[in-house]
Every structure is written in structure tokens, then in C-alpha cells.
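The values are calculated or read from the model by the stated rules, or taken from the named source; none is laboratory data. Worth saying up front: this structure is predicted, and the values here are computed from it rather than measured. In this analysis, Cβ positions are derived from the backbone assuming ideal geometry, glycine residues included, and neighbour counts consider all displayed protein chains.
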Amino acid sequence: MVITDEELLQQVLATDQNALRTLVDRYKAYVFAIILNLLPESNDAEDIAQEVFLQVYRSLPDYCPQNFKAWLGKITLNKTLDWKRSHNKYNRQEPLDIGYLADENESRAPDLLLIRNENKDQLREICRQLPPIYGQIIQEYYFESKSYAEIAQRGRFSIKTVESRLYRARAMIKQKWKEDGS
């Protein structure tokens, strides 16, 4: 005799471990299908699935019996998107590294100095094209060698603001650099 989802959920609420195991077995393929559809090459699918079923277990007392599969799908989607956001936050590609362009003491070879000076000129031109709040931050940080704290103090804003503006400015520079074919 097949137990309905509603009966199974009632048994899980009554702390029946076998019912929980049956529930996981019944829906694990569905959960993995959603996860792997959003993250096709994820080695973390098992961890996300575990988080999904843990969330289901925690939220089950508040569940209003309607469509369990849809509710489970929504939890899976949210957990997968949360994982994707947090994973991307820490594994972003580094923006264009333009710090070396401002360092004049690194190498004295004439050809390298010429290339660096040309790149510096191109970079300065790109910075002039940026909105003033971003161009000024790049100027102060890379060409005047000011610290985040010094820039923040001068501009009367937080260090976090300096960080985010530098990040955005680097992204804009990188885009303009690509557009110009540099």
C-alpha cells in the first residue's frame, strides 16, 4: 500500500525516522533535477540537497497541506540560488589589475618603461572618460598611492564606499579597455 504525501508528512511530524527517510528517497531525484538544472557542473549538489531536506524538516510544522511537491521545489530553488549567490560572491574573477601601471620602480628596461608609459597614458585617458566619482578614486588610489582610509577621509565617506567605487571603476576600465582594443 502506497502512503500519500500527507500521511508521510504527518508521520515525519510525529518524529518517525523511517517516514523521513521515505520522504527523502521519494523526492531526492526531483530535488537533484532542480539543483543540477541550475548548477549543471556543481559538486555541491549533495550539500544543497541536504540543506533542502533540512529546511523542509524545520519548516514542516508551518506547512499548510496544499501541494508538497511545489513547496519542495520552491525551497530547492531558493536554496540553490542562495548557494549560487554566496559561491559567486567569493569566487569572482579579479577585475583588471591596473596597479602595476602606477608602479614606476618595478623595472627600468627601456622597452618596458615605454610600454608602461603608453599604458599609463591610455589608462589616464580612460579614467577621464569615467564618471568623476570613479575617475577620482582611480587617480587617488593608483596614481597618488593613497590608502582606502585616506581616500575615505578626503571624500567624507566610508571605506566600504571606497572599495565598491574602486571595484566599479575597475570594471568600467576593463570594459573600456576591451572596447578600445588595448
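General observations
- Residue-level check: of (1) touching a Cys at 6+ places or on another chain (Cβ under 9 Å); (2) touching a residue at least 24 places away in the same chain (Cβ under 8 Å), Arg170 misses just (1).
- Considering only residues in region 144-162 that are surrounded by 15 or more Cβ atoms within 10 Å (Cβ to Cβ) and of a type outside the set (Ser, Thr, Tyr), the one that is nearest to Asp180 (Cα to Cα) turns out to be Val162.
- Of all residues in region 16-41 being hydroxyl-bearing (Ser, Thr, Tyr) and under 29 Å from the mean Cα position of the chain (by Cα), the one that is farthest from Leu77 (Cα to Cα): Tyr27
- Restricting attention to region 55-82, the residues that are surrounded by fewer than 17 Cβ atoms within 10 Å (Cβ to Cβ), of a type in the set (A, V, I, L, M), under 16 Å from Gln10 (Cα atoms) and without any contact (Cβ under 8 Å) to a residue 40 or more places away in the chain total 0.
- Restricting region 1-24 to residues that are of a type in the set (S, T, N, Q) and within 17 Å of Lys69 (Cβ to Cβ) leaves a set whose member that is surrounded by the fewest Cβ atoms within 10 Å (Cβ to Cβ) is Thr4.
- Among the numbered conditions (1) in contact with a Ser or Thr (Cβ under 9 Å, 6 or more places away or on another chain); (2) more than 13 Å from Cys127 (Cβ to Cβ); (3) not polar (S, T, N, Q), the only one that Lys178 does not meet is (1).
- Helices (runs of 4 or more DSSP H) wholly inside region 12-130 containing at least 2 residues that are at pLDDT below 80: 68-90, 110-129
- Scanning region 25-54 for residues that are of a type in the set (A, V, I, L, M), surrounded by fewer than 17 Cβ atoms within 10 Å (Cβ to Cβ) and touching a helix residue (DSSP H, G or I) at 6+ places or on another chain (Cβ under 8 Å) yields Leu36, Leu38.
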